[in-house]
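Note sheet for the following structure.
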Amino acid sequence: MAQVLGSEGTSEAPPAADAIRRRPVVLATLSVRVDPRAERMAIDTALESGAPLIIANMLTLQPYPTTVMLARQYMTLPHEEDLEEVRATAHRAAALGIKTELLRITSRRPLAALIELVHERRAGLLVLGPDVRRTPRWLLWLAARRVRRQAECLIWIAPDG
């Protein structure tokens, strides 16, 4: 095993592989359920690398000013997101022993918020995986284009993206 000499000439063992912080895998969806292929890709990658999994449900902030001021928890109506299915994805990942974090991020610019999340968390892989049957084709195309240009990590986009 390699030895590292400290400042006083004493030997120190290099940091253990477990002590090195692994860059998380981010699985992002756009207020719809996660595509099964994207879910499998993110979970398999997190399992194989031992990295944590961040599931980010990106929601568009609707222009309801009174609701924002009085009842922020009701800003997103149940039909505007598929929360239970996204939670089920998080539960499946956690059941496999993956450290999982589920984030619901509401922003007027959800794609910019996604890029900011990727930068802040220093993601190793971004899996853009909204269900392609429930996402407008133009939105998936725009999201894929934006993350390809601005994300500084590996990117996997759900098929047809």
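Any read-out appearing in this document is the output of simple, stated calculations on the displayed coordinates, not a laboratory observation. Just so it is clear, the structure is predicted and the values come from calculations on it, not from any experiment. Because the Cβ atoms are built from the backbone with ideal geometry, glycine has one as well, and the counts that use them run over all protein chains shown.
Tabulated values for the structure
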item: Matching residues in region 117-139 - criterion: being free of Cβ contacts under 8 Å to residues at least 40 places away in the same chain, in a helix (DSSP H, G or I) and closer than 24 Å to residue 85 by Cβ; result: 137, 138
item: Members of region 128-161 that are closer than 13 Å to residue 114 by Cα and of a type in the set (Val, Ile, Thr); result: 147, 155
item: Cross-chain or 6+ apart pairs with Cβ under 7 Å, region 102-116 first and touching a residue at least 24 places away in the same chain (Cβ under 8 Å) and within 16 Å of residue 32 (Cβ to Cβ), then among the polar types (S, T, N, Q) and outside any strand (DSSP E or B); result: 106/76
item: In region 95-116, residue surrounded by the fewest Cβ atoms within 10 Å (Cβ to Cβ) [restricted to those that are part of a loop (DSSP other than H, G, I, E, B) and among the basic types (Lys, Arg)]; result: 108
item: Residue that is surrounded by the most Cβ atoms within 10 Å (Cβ to Cβ) [pool: residues in region 117-151 that are within 14 Å of the chain's Cα centre (by Cα) and of a type in the set (D, E, K, R)]; result: 121
